[in-house]
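K.L.:
The following block contains the structure, expressed as structure tokens.
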Amino acid sequence: MTENLDKVLDERLTRSLAEDETLEESPAQSQLQPLLRLAREIQALPRPEPRPGALRATQARVREAARVKQQAARGGVLSRWLTGQRVSLALAPVLVMVVAVVVIGLGTVVASADSLPHNPLYPVKRTTERVQLLLAFSPGSRARLHLHFAERRLNETMTLMSCCQSLDDAVLKSMLEETDLAINMIGTLAKPEAEPLLTKALELTAQQHTCLSQIRDQVSSEHWCILDEAIAACRCNEQMLERR
């Protein structure tokens with residue numbers, strides 16, 4: 001049975017990456033659907049394209065960080081999952097891509113954790129976040145990531161104001177979207193798992209409200225409308241979480 005599934009996975013995964021094909025519903029083949037869906041989602045991610053000069057400048061640090069991560073991973077969750085598993089030839093490139101994005105991406109974050117939208121490594125940072133979400137299979141894990149990314153967008157907003165006296169509307173919008181996704185996902189969780197996340201979300205929304213209110217007088221008039229809407233949204237989220 002295992003050999004048959006490997007053969008089916010080789011054939012279907014190879015075809016599905018090139019065209020929109022779905023697996024037939026059967027007790028044996030249905031277990032392959034999560035792998036196929038993950039492969040498609042990773043394949044569909046936009047490829048980050050940092051400038052060559054920026055990559056050369058951080059190449060040594062990224063290699064070292066990747067080496068450390070690879071050594072740690074040998075005894076980690078990935079190695080234990082792969083132990084006893086037969087990885088098909090078609091699936092192998094997908095796993096390599098996942099590991100490369102996660103390991104090298106985390107190594108890149110070590111070198112550019114404070115990258116901003118105008119930084120050449122910023123697309124790598126955002127793509128790494130998307131892959132992390134794809135690999136977070138539980139609602140609780142995804143809610144934590146959305147909160148983390150919302151906090152990142154707030155930090156980026158405040159840093160841009162501090163160093164450049166500019167407000168990036170796209171970053172601000174992304175912060176609100178990540179916050180809403182986290183709050184909605186927390187609402188689906190059982191109380192024991194939801195409570196610490198609700199506390200974190202309340203702290204974050206209060207921080208967002210305070211920080212955005214502080215920079216209100218520093219931004220140009222063209223940004224007043226979107227900033228006022230963001231402040232109102234943060235205050236609304238804060239009040240809603242307080243009631244919960």
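K.L.:
Out of LEU147, LEU106, LEU134, which single residue is within 27 Å of THR205 (Cα to Cα), modelled with pLDDT of 85 or more and surrounded by fewer than 19 Cβ atoms within 10 Å (Cβ to Cβ)? Explain how you work it out, then say what you get.
P.N.:
Values: LEU147 fails: surrounded by fewer than 19 Cβ atoms within 10 Å (Cβ to Cβ); LEU106 fails: modelled with pLDDT of 85 or more.
Exactly one of LEU147, LEU106, LEU134 is within 27 Å of THR205 (Cα to Cα), modelled with pLDDT of 85 or more and surrounded by fewer than 19 Cβ atoms within 10 Å (Cβ to Cβ), namely LEU134.
K.L.:
Now for a different question. Answer with yes or no whether GLU178 is over 27 Å from THR127 (Cα atoms), in a helix (DSSP H, G or I) and in contact (Cβ under 8 Å) with a residue 12 or more places away in the chain.
P.N.:
Details: over 27 Å from THR127 (Cα atoms): no; in a helix (DSSP H, G or I): yes; in contact (Cβ under 8 Å) with a residue 12 or more places away in the chain: yes.
The answer is no for GLU178.
K.L.:
Which members of region 114-127 meet the condition of being in a helix (DSSP H, G or I) and surrounded by fewer than 19 Cβ atoms within 10 Å (Cβ to Cβ)? Walk me through how you get there before you give the answer.
P.N.:
Here is the first cut: in region 114-127, the residues in a helix (DSSP H, G or I) are 122-127.
TYR122, PRO123, ARG126, THR127, listed by residue number.
K.L.:
Residues of region 181-194 being in a helix (DSSP H, G or I) and surrounded by 13 or more Cβ atoms within 10 Å (Cβ to Cβ), which ones? It would help to see each step written out before you state the result.
P.N.:
Residues of region 181-194 in a helix (DSSP H, G or I): 181-186, 191-194.
Answer for region 181-194, where residues must be in a helix (DSSP H, G or I) and surrounded by 13 or more Cβ atoms within 10 Å (Cβ to Cβ): LEU181, ALA182, ILE183, MET185, ILE186, GLU193, ALA194.
K.L.:
Among the candidates HIS209, HIS148, which residue alone is in a helix (DSSP H, G or I) and without any contact (Cβ under 8 Å) to a residue 12 or more places away in the chain? Before the answer, list the steps.
P.N.:
Working: HIS209 fails: without any contact (Cβ under 8 Å) to a residue 12 or more places away in the chain.
Checking each option against the conditions leaves just HIS148.
K.L.:
Can CYS164 be described as assigned by TED's automatic domain parsing to the domain that holds CYS234, modelled with pLDDT under 90 and of a type outside the set (S, T, N, Q)?
P.N.:
On the way: assigned by TED's automatic domain parsing to the domain that holds CYS234: yes; modelled with pLDDT under 90: yes; of a type outside the set (S, T, N, Q): yes.
Taking the combined requirement at face value, the residue satisfies it.
K.L.:
Right, something else. From (1) under 19 Å from GLN214 (Cα atoms); (2) buried (at least 18 other Cβ atoms within 10 Å of the Cβ); (3) among the acidic types (Asp, Glu), pick out the condition that doesn't hold for GLU178.
P.N.:
So GLU178 meets the others, but not (1).
K.L.:
Continuing with the same structure: Say whether the condition of being among the basic types (Lys, Arg) and crowded, with 18+ Cβ neighbours inside 10 Å is met by at least one residue in region 152-170. Step through it out loud before you land on a result.
P.N.:
Initially, region 152-170 is screened for residues among the basic types (Lys, Arg), giving 152-153.
Among the residues that remain, those that are also crowded, with 18+ Cβ neighbours inside 10 Å are: 152-153.
Yes, there is a match, as at least one residue in region 152-170 is among the basic types (Lys, Arg) and crowded, with 18+ Cβ neighbours inside 10 Å.
K.L.:
Here's another thing I want to ask about it. ARG216 fails exactly one of the following numbered conditions: (1) closer than 27 Å to GLN239 by Cα; (2) at pLDDT below 95; (3) assigned to a helix (DSSP H, G or I). What is the number of that condition?
P.N.:
(3)
K.L.:
Could you please give the count of residues in region 219-232 that are touching a helix residue (DSSP H, G or I) at 6+ places or on another chain (Cβ under 8 Å) and outside any helix (DSSP H, G or I)?
P.N.:
Residues that pass the stated criteria total 1.
K.L.:
Restrict the check to region 185-193 and report whether at least one residue is within 23 Å of ASN119 (Cα to Cα) and outside the structural domain of GLU129 (by TED's automatic domain parsing). I'd like the intermediate steps shown before the answer.
P.N.:
Within region 185-193, the first condition is being within 23 Å of ASN119 (Cα to Cα), and the residues that meet it are none.
No, there is no match, as no residue in region 185-193 is within 23 Å of ASN119 (Cα to Cα) and outside the structural domain of GLU129 (by TED's automatic domain parsing).
K.L.:
Residue pairs, Cβ under 6 Å, 6 or more apart or interchain, first in region 232-244 and surrounded by 16 or more Cβ atoms within 10 Å (Cβ to Cβ), second aliphatic (A, V, I, L, M). List them.
P.N.:
The qualifying pairs are ALA233/LEU176; GLU238/ALA206; LEU241/ALA201; LEU241/LEU202.
The values are calculated or read from the model by the stated rules, or taken from the named source; none is laboratory data. Just so we're clear, the structure is a prediction, and the values are computed from it rather than from any experiment. FYI the Cβ positions are ideal-geometry reconstructions off the backbone, even for glycines, and counts take in every protein chain you see.
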